[in-house]
1. Find the Cα radius of gyration of the protein assembly as shown, compare it with 2.2 N^0.38 Å by division, and give the number to two decimals.
2. Suppose a student asked you for the relative contact order of region C:66-166, using Cα pairs under 8 Å spaced at least 6 residues apart; what percent would you report?
3. Under a Cβ-Cβ cut-off of 13 Å, what is the net charge of the residues other than B:PRO229 that fall near it, where Lys and Arg count +1 and Asp and Glu count -1?
4. Can you list the trypsin sites (Lys or Arg not before Pro) in region C:155-204 that are in a DSSP coil and have 10 or fewer other beta carbons within 10 angstrom?
5. Which entries of A:LYS180/B:LYS172; B:LYS104/B:LYS172; C:LYS41/C:LYS232 have Cα-Cα distances beyond 18 Å here?
6. Give a residue-ordered list of calculated ³J(HN,Hα) values for region C:283-294 (Karplus: 6.51 cos²θ - 1.76 cosθ + 1.60, θ = phi - 60°; whole Hz; x for Gly, Pro).
7. Please list the non-local residues whose amide H lies under 5 Å from the amide H of A:ILE270, H modeled 1.01 Å from N, same-chain partners needing a gap of 5 or more.
8. Using a label position 7 Å from Cα in the Cα→Cβ direction, what is the ascending list of nm distances from C:LYS88 to the same site in the other copies?
There are 4 protein chains.
Amino acid sequence: MSEGVERQIIGVVGSIGPELQDELEVMDGVSEVLRISKPYKLSAREFHPEDTVVSIGEAGVKIGGGEFCVFAGPCAIEDEEQLVSTAKAVQAAGAKVLRGGAFKPRTSPYSFRGMGEDGLKLMATARAETGMPVITEVMSERDVELVERYSDVIQVGARNMQNFALLDQVGKTRKPVMVKRGFSATYEDWLLAAEYVMAGGNEDVILCERGVRTFETFTRNTMDINAMPVIKRLSHLPIVADPSHATGKWYLVSPVACASVAAGADGLIIEVHPNPDTAMSDGAQSLTFENFAALMQQSEAIRAVVTPHATSS
Amino acid sequence: MSEGVERQIIGVVGSIGPELQDELEVMDGVSEVLRISKPYKLSAREFHPEDTVVSIGEAGVKIGGGEFCVFAGPCAIEDEEQLVSTAKAVQAAGAKVLRGGAFKPRTSPYSFRGMGEDGLKLMATARAETGMPVITEVMSERDVELVERYSDVIQVGARNMQNFALLDQVGKTRKPVMVKRGFSATYEDWLLAAEYVMAGGNEDVILCERGVRTFETFTRNTMDINAMPVIKRLSHLPIVADPSHATGKWYLVSPVACASVAAGADGLIIEVHPNPDTAMSDGAQSLTFENFAALMQQSEAIRAVVTPHATSS
Amino acid sequence: MSEGVERQIIGVVGSIGPELQDELEVMDGVSEVLRISKPYKLSAREFHPEDTVVSIGEAGVKIGGGEFCVFAGPCAIEDEEQLVSTAKAVQAAGAKVLRGGAFKPRTSPYSFRGMGEDGLKLMATARAETGMPVITEVMSERDVELVERYSDVIQVGARNMQNFALLDQVGKTRKPVMVKRGFSATYEDWLLAAEYVMAGGNEDVILCERGVRTFETFTRNTMDINAMPVIKRLSHLPIVADPSHATGKWYLVSPVACASVAAGADGLIIEVHPNPDTAMSDGAQSLTFENFAALMQQSEAIRAVVTPHATSS
Amino acid sequence: MSEGVERQIIGVVGSIGPELQDELEVMDGVSEVLRISKPYKLSAREFHPEDTVVSIGEAGVKIGGGEFCVFAGPCAIEDEEQLVSTAKAVQAAGAKVLRGGAFKPRTSPYSFRGMGEDGLKLMATARAETGMPVITEVMSERDVELVERYSDVIQVGARNMQNFALLDQVGKTRKPVMVKRGFSATYEDWLLAAEYVMAGGNEDVILCERGVRTFETFTRNTMDINAMPVIKRLSHLPIVADPSHATGKWYLVSPVACASVAAGADGLIIEVHPNPDTAMSDGAQSLTFENFAALMQQSEAIRAVVTPHATSS
């Protein structure tokens, strides 16, 4: 307890979530409640100073702790030819993990919602042909087991970042989980979402910044570039940037991808399509094979410049 | 096709979602794509000019089309005594539906997450004792059947507004569904979430504005009061305001509740607790029985003044 | 100084602005800096518990402390006929102060920017004919003296809320000042803007909430209805709501005006035009005489219901 | 005029600002108004395809069109020793223009507000000793002439981005003007602010992205990294990034500065202080000489990688 001139400060010891804070705040005689310690523990660098390195797939692709990893592929899986040709092209350019959507979150119920299990099978085919591990999104608790079976990384999308039932469920799997940041999730909300997965027993979490929602509508979202060094400081988990969703326009993807690498991202996740003009989903923000290959070269060169940033005092 | 001096306008007929818009936008020679018709159909007033009136429970409590309905009760269900005493108190003050949380969305995995099915049973007890229909939130696809069995209205929370698997699922139930607006969902996103439920076959949807996330952090969220007359114009569905979550502080609840009624809300959903200081969840924003009763009187008097607003030209 | 298990708390006494807070925060060994006392003093209710009542013009029109006041008139002054006819109509309906823009802030340099001093002269004419005091915006330090001469209240617009040179200048006048909230100003920023005026020696400040900028683009801005009870609690200054700018569409103005009164606003500022379809500025959000008169009746009836809100514990 | 099934499209020719758009939108029978052409002309790349190169000071330092320029120096000018030593240090590291604040915008009226003309004189001294041109902010219309006399670039701060009287005034000067983006200004608002300056006759405008205000409060602002490639596409004007204000914490400055260069910025503006811990303003976000020098090397190396980005199709 500290006595001030106008006020008195009372220290409260123990674990305090945002809700208890609110409740104390409206009690009689309480002017304000200020939280001293962080509500997330397992994901906090404070209690785990070394970087976490996540190992992906049988090939053991690494991300975090100085290991850089690019995830690339089509937004939606359309057919074997599209997926396998893209896998080979991105692999040749340096990508290490194949991304592809079998279950697609669509704002409208009338849009194409993905191939489902048939898409997952095509992912398995592409992995067999290239040796690349694969990542795909899971949108339903009922599909977690299925996706865990087929995919090397399980992705939780931005819209499900606070679907706590889904987070609990993927926390019980034995595959790495990529947690995308919600449209208006604070750093704390986001780390608490990771905490849900980790508290379930799965500590192989990769964070993904995919842009936040602001007043600016020219771009689909606003890439929060500050997130790269902030998350590195607050957490030991690897962080990946998704410039495809953070911008929504292909001609912004490469500059913003380079920026993310320069800011310290441990990886990128990029939409690539053999022919963006005919893509069934998100063609507007997909790179061609040529543009992706050029980006990979720039990104490699930038990494050489910025590793490591002196972001911790 | 219209010829302008600097540009040419090409009209495209058919159903266009946000994604197709983006894809057309980056094609060669295309400067901008402007959508003329709305992507939601079933929820649009354009195709359904009369207000939808939703009927709740065996008692047939009505909301919409001039029928006003207050949902009130504790944030989290704690025990029979707490729930039943609150039910009786809010019923006496004029509330028509009992709210109570059995499954609680908590930002931190370490917070109290609700009583689960035991809580649902207490809701049934309270309904039996008072005759009031009940509303409770469902957070997991796996619990939809259970919640449908016990509850008269199924609530989808803000964090799950774009949990499309859950929306699909509740769209197959035969109970009215309350869809809360996501933290940063546009009116269009929100109506498309309602569209998911309606496209599944369940047209008894109630919208709930519970505040959006802005740069202002003094309040938990910012109530979007504009939403009341906007939604009335864009949609035929009833809209309810949740001043408890939109403010986060009990002393702001009554003024903002009155404001919502004055702006044309078809109902309110309010957190009430016998003893807010000891509540297990959201005590900070819960009203006492006395404050709730006073609010009900004000709200009734305001409704008499503003019904109906001349909001359609 | 308080010893905790993981951390030590050091209390710092004295006046600390946001900048010093930032500076302490990055010092070695400092994890976080939490401010205990508020940076605004003159505008804080803490040090001035009773409501301020501002007196306007020779007629001594009052606002604050239970006195309600409506400011109404055209967005831009166009000619004598338009201004005087509007003045008479709004006065007959119950408005007490005439608003009108002589200097118009326009996003584009190519839009109509107001009649300037000729407009101020028309304001004086309208005042002479009706006895109503007048309010108009000042956009330039060079015009402060001129506007002070002609106008009974000096308005500082949202875009100039942090134009500190202008705030200093109006702080030296002897006329009440209305400070509109900036598009993305926090409550604290806003009260500090008022503080600038008051620190200059002019304590007759009226705050005006005119909507904040959010991700929602259907409406021009988002009315922050929470601001009414929040400002009443934090400050003793009167607060007025501007539903015309906060919505941008005439059909939303009346519902949102009623909501603002229900939430505890001390007044309204409303755009009214004899013929909104031909207005030179902001016709889209102007009410006709008939709609304004109807609103005044509703607003009076709502005030009777909600005075006073029990917003202080 | 185009006939659709449900609607009819009417093309309107001529110059339409946001206000006319709103007015058309609420007319009877009008469902929506969509603007086809941009409201800014002088600043638009559409009508001026080649990059503008701005020349600064007698030395003719260039920015834009492939010329990169770093502005560096203390937030606030404190004394000759501080300013001159910083000037020499940043010049040695590669900065080309000296920044320093003589007039400081402070949220609170009680904070240090700068040395005023004495500060400008010290800027002149530092220029004489180093040959570096200087940039400083002007906050008052009354100071424009004074600042024009002493400074080689006139800076308009974020809070004054829509202080139209000030924009008009600096448009009449013969010195380059840096227009910082407002906290919640859209790209269009920002380009229209530049348009004000250009319409006044001064076409030497440099844009500066300094972060926007979002719901995230851990950082002072959120750097909008998308702005670099977006502005390059919409406008021919040079764009500079200010990572000091966009982050508010020194340990985030270098990563975000590198990101900005990687995204295509034509320059950086960085706060540097001999001893950040004792700075009178913004010490928290100031770099030491050593950190600045290290950043300059990284930034140069990144420029070599990314010039030019293929951002135009």
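1. Relative to the rule-of-thumb radius for its length, the protein assembly as shown sits at 0.89.
2. Answer for region C:66-166 is 24 percent.
3. Neighbour charge sum, excluding B:PRO229 itself: +1.
4. C:ARG174
5. The pairs that break the limit, which is 18 Å between Cα atoms, are A:LYS180/B:LYS172; B:LYS104/B:LYS172.
6. x, 4, 10, 8, 8, 6, 4, 5, 5, 5, 4, 5
7. Amide H neighbours of A:ILE270: A:PHE71, A:ALA72, A:GLY73.
8. For C:LYS88, the other copies' label points sit at 6.4, 7.6, 8.5 nm, shortest first.
Taken together, the values in this text are just the output of simple stated rules run on the coordinates, not laboratory data. Remember, predicted model here, so these are calculated numbers, not experimental data. In this analysis, Cβ positions are derived from the backbone assuming ideal geometry, glycine residues included, and neighbour counts consider all displayed protein chains.
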